[in-house]
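In what follows, a single structure is set out as C-alpha cells and then discussed.
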Amino acid sequence: MRDDRQSPFRDAHTDRSTARHVPDTPQTRSAAYRLAFADEDFLCRDELRPVRLQLELLKPEMMMAERNITSTVVLFGGARIPAPADKDKARTQTLAELSKYYDEAREFARLITEKSKLSGCQEMVICTGGGPGVMEAGNRGAQEAGGCSIGLNIVLPHEQAPNAYVTPELSFNFHYFAIRKMHFLMRARAITIFPGGFGTLDELFESLTLIQTGRMERVPFLLFGRDFWERVINWEALADAGTISAEDLDLFRFVETAQEAVDIIENWEPAPPRDSIPGR
C-alpha cells in the first residue's frame, strides 16, 4: 500500500509502534487501553460488523486501484475438477471427463493474459476464486503467459490456501461471501462459467440475475460446456414455464473452447444495462 501521506498529523503506524513499548502497568495491560484499530478482539465484536464489511470492501479495492487495474475477466468453476494428468484420481467418471475444462480454462487465461500484458496488466486481468480445480487452471494460465492474476479466497472451515499461481500481491482473503462477490463483479468485463457445483451455480445465477434485472451492464457471459449445463439446468423449461422470458436465454452463450470464448469477448459490442425486464 502507498505510504505517501498528505496529512500533517502523526500517522497511525507510528502510534501503534509506540503503544507497544509503553511501561508495563495494570492500566497498559488492560484491553481497554489498546488502540481501537489495533485491537483484534474489539474489531471481531458483533457490533463491529459494519466496520468489517467496509474494510473488506476497501482493502482489495484500494490495492487494485493502486495497481491501476481497471477491468477483469472473471473465471468461475469447480474446485473439484482435476487437471487431466490427475483425472485417474477423480471421484467419478464424469468428473474425470470434465478434466478437459481444466485445460480449456488454463488456455483461456493464457490467451486473455497475453492481451492483458499489452496494457501492463491493468486491463482484462484474470480473476478467480483463488482455489483449486478450474480456479487454479485460470491463475496458472495467466502465470504461464507471464502476467498477473487475482485470487479472491474465502475462509472455510477446513484448511485451505490460495493456489500457487495467484499473483501474491493480488491474493485476497475474505470473511464475507457478499463482499467477495462484489469484488468479482465490480471490474468484470466478461464472465466465464466452467462446470462446477453449488458454489459455481450460486455465482452463475447471482451474476446472471444482476444482468437480467438491469442492475449490471451486459457483458459477455459464457458457459463452457453446453452438454454439462443443459444436463444440470433445464433452461427451456424455465422459459416455457414463464418464470423467465425467452429473451433471458440470450443473456448468455455456450462455448466449448478457449479460442471461441476469446473471439466472442474480442468482438463484443458494449451493451447498456436493461431498462426493463421482458415478460414482466
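The values are calculated or read from the model by the stated rules, or taken from the named source; none is laboratory data. Given the structure is predicted, the values throughout are model-derived calculations rather than measurements. Here the Cβ positions follow ideal geometry from the backbone for every residue, glycine too, while neighbour counts run over all protein chains shown. When the accessible area is computed, the model is the full protein with side chains, heavy atoms only, and any ligands, DNA or RNA have been set aside. Shrake-Rupley method; radii C 1.70, N 1.55, O 1.52, S 1.80 Å.
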Practice item. Quick one: grab the alpha carbon gyration tensor of the range 200-280, order the square roots of its eigenvalues as a ≥ b ≥ c, and give me rounded if a/c is under 1.5, else prolate or oblate depending on whether a/b is larger than b/c. Key: oblate
Exercise for review: Would you mind getting me the FRET efficiency between T92 and H13? Use the beta-carbon distance for r and R0 = 45 Å, nearest 0.05.
Suggested key: 0.30
Review point. Of E66, E169, E260, which has the largest mean-square fluctuation in a 10 Å C-alpha GNM of the chain?
Key: E66
Study note, to complete from the structure: Only helices counted: for the chain, with every DSSP H run of 4 or more residues adding -39500 (n - 2.57) and the sum spread over all residues, [θ] at 222 nm is -12000 deg cm²/dmol
Practice item. May I ask for the Kirkwood hydrodynamic radius of the range 112-251, worked out over all distinct Cα pairs and given in angstroms to one decimal? Key: 16.3 Å
Practice item. Starting from the Cα-Cα distance between L57 and D41, subtract it from 0.36 nm times their residue separation and give me the gain in nm to one decimal. Key: 3.7 nm
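Using the Cβ atoms and a cut-off under 11 Å, what net charge is assigned to the surroundings of P273, where Lys and Arg are +1 and Asp and Glu are -1? Before the final figure, lay out each step's value.
Working: positive: R215, R218, R274; negative: E217, D275.
Taking every Cβ under 11 Å from that of P273, the sum is +1.
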Study note, to complete from the structure: A chain fully extended from Y176 to H21 at 0.36 nm per residue, minus the present Cα-Cα distance, gains in nm 52.4 nm
Practice item. Evaluate E = 1/(1 + (r/R0)^6) for S119 and E266, where r is the Cβ-Cβ distance and R0 equals 22 Å; express this FRET efficiency to the nearest 0.05. Key: 0.95
Practice item. Go through 198-204, 219-225 and give me the packing order, highest mean Cβ count within 10 Å leading. Key: 219-225, 198-204
Exercise for review: Putting +1 on Lys and Arg Cβ atoms and -1 on Asp and Glu Cβ atoms, find which of L57, I244, H21 reaches farthest to the positive end of the dipole of the chain.
Suggested key: H21
Review point. Tell me, what is the 1.4 Å probe accessible area of D41, in Å² to the nearest 10?
Key: 110 Å²
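I want the local charge near E144. Using Cβ-Cβ distances under 9 Å, sum +1 for each Lys or Arg and -1 for each Asp or Glu among the other residues.
On the way: positive: R106, R110, R140; negative: none.
Summing Lys/Arg as +1 and Asp/Glu as -1 gives +3.
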Exercise for review: Take the Cβ-Cβ distance between E217 and V155 as r, set R0 to 45 Å, and report the resulting FRET efficiency rounded to the nearest 0.05.
Suggested key: 0.90
Check your understanding: the range 91-147 to the range 190-267: how many Å between their Cα centroids?
Key -> 19 Å
Review point. With +1 on each Lys and Arg Cβ and -1 on each Asp and Glu Cβ, how big is the dipole of the chain about its Cα centre, in debye rounded to the nearest 20?
Key: 760 debye
Study note, to complete from the structure: Connecting every pair of Cα atoms under 10 Å apart in the chain and solving the GNM, the largest mean-square fluctuation among R215, R180, R34 falls on R34
Point to revise | Prolate/oblate/rounded call for the range 85-171, Cα gyration tensor, a/c under 1.5 rounded | key: oblate
